[in-house]
Amino acid sequence: MTMSSTHSVPSKSSTEQARQKVRGRGERSPLASVGLHLTLLVASVIAVFPPLWLVVTSFKPKTEAFDTSLVKDFTLGNYSHVLGETAFLDWLGNSLLVVGLTTVIGVFISATTGYAVSRFRFPGMRPLMWMLLITQMFPVAVLIVPLYNLLATLGLLNQPIGLVITYLTIAVPFCAWMMKGYFDGIPVEIDEAGRVDGLNPFGVFWRLVLPLARPGLAVTAFYSFITGWAEVAYASAFMTGEENLTLSGGLQSFVNQYTSDWGSLTAAAVIIAVPAAIVFGLAQRHLVSGLTAGATKS
């Protein structure tokens with residue numbers, strides 16, 4: 001009997017495929033990499049263009065505000081007009097007062113509330129947390145009328161403390177939830193060791209736990225600051241009279257149905273952005289860790 005054996009000859013396409021490098025998991029092809037970088041480049045341009053054009057426009061004369069070219073006649077007239085011929089400095093003082101109180105009070109209430117819910121069990125704890133969560137679901141437009149009536153009844157319209165209270169209704173619920181998640185990640189043994197050493201519950205919180213929660217406190221402070229610094233609806237509805245306005249409310253006086261001073265508006269917007277950028281720079285190293293802890297440990 002004759003045994004015949006057949007040898008399979010690899011095809012040309014299979015040989016070429018075998019020669020190609022096997023791409024590992026997560027490794028992108030050159031075409032995909034180019035597409036990704038182009039997408040990121042386009043997204044970066046879209047994100048950077050508006051603030052960049054805002055800065056460019058602030059250095060243009062008022063007659064060239066809508067000129068699509070770059071600055072041809074560089075001028076600081078918009079800035080000098082805003083700082084010297086408007087009530088901008090009064091608005092700045094009002095904003096600093098409101099934002100400072102909002103930040104300090106918001107951080108304290110959020111931290112103490114988050115710690116209490118994280119460490120203690122008491123009647124009404126779960127409804128309290130649900131109430132804090134549900135309050136975030138209401139849009140600002142729905143709350144303006146009831147808050148206005150409440151402030152009017154209490155005589156707090158055109159008062160900085162009234163605006164602070166309304167801003168706390170925005171900042172505290174979110175920050176309390178976040179701080180609760182952050183405190184959940186701090187070992188309970190630290191509290192027990194403090195009580196063994198004779199500290200009362202507030203002493204344990206203030207001297208032992210709070211220093212360990214600095215990233216969470218940084219996020220809480222930053223969120224409270226931005227809430228008061230950039231909010232427009234409440235500031236416009238509850239504060240009237242040029243001397244009582246905050247920065248966000250005062251900006252509307254530059255462009256309204258009667259006047260359109262885009263040069264002053266852009267210059268004021270650039271000045272307003274500087275403190276926010278400084279605060280962000282100071283808090284940025286804590287923001288990622290604080291937000292991550294608050295989001296994953298609650």
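The values are calculated or read from the model by the stated rules, or taken from the named source; none is laboratory data. This is a predicted model, so every value here is computed, not measured. When we count neighbours, we look across all protein chains shown, and the Cβ atoms used for this are built from the backbone with ideal geometry, even at glycine.
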Those residues that are free of Cβ contacts under 8 Å to residues at least 12 places away in the same chain and assigned to a helix (DSSP H, G or I), I need them from the range 171-192; list them, please. Glu189, Glu192
Mind listing whichever residues of the range 55-75 are under 11 Å from Gly263 (Cβ atoms) and either touching a Leu at 6+ places or on another chain (Cβ under 8 Å) or not aromatic (Phe, Trp, Tyr) (or both)? Thr57, Ser58, Phe59, Lys60, Pro61, Lys62, Thr63, Glu64, Ala65, Thr75
Can you name the residue in the range 134-147 that is in a helix (DSSP H, G or I) and free of Cβ contacts under 8 Å to residues at least 60 places away in the same chain and, of all such residues, is surrounded by the fewest Cβ atoms within 10 Å (Cβ to Cβ)? Met137
Test for Gly250: is it crowded, with 19+ Cβ neighbours inside 10 Å, farther than 27 Å from Ala141 by Cβ and touching a residue at least 40 places away in the same chain (Cβ under 8 Å): no
Going through (1) at pLDDT 90 or above; (2) touching a helix residue (DSSP H, G or I) at 6+ places or on another chain (Cβ under 7 Å); (3) aliphatic (A, V, I, L, M) one by one, Leu38 fails only at (2)
Among the residues of the range 201-224, are any in contact (Cβ under 8 Å) with a residue 40 or more places away in the chain, over 17 Å from the mean Cα position of the chain (by Cα), surrounded by 12 or more Cβ atoms within 10 Å (Cβ to Cβ) and outside any helix (DSSP H, G or I)? yes
Pro61 fails exactly one of (1) out of contact with any Asp or Glu (no Cβ under 6 Å at 6 or more places or on another chain); (2) surrounded by 10 or more Cβ atoms within 10 Å (Cβ to Cβ); (3) not hydroxyl-bearing (Ser, Thr, Tyr), namely (1)
Tell me, which residue of the range 148-169 that is out of contact with any Gly (no Cβ under 9 Å at 6 or more places or on another chain), touching a residue at least 12 places away in the same chain (Cβ under 8 Å) and outside any loop (DSSP other than H, G, I, E, B) is farthest from Phe222 (Cα to Cα)? Tyr148
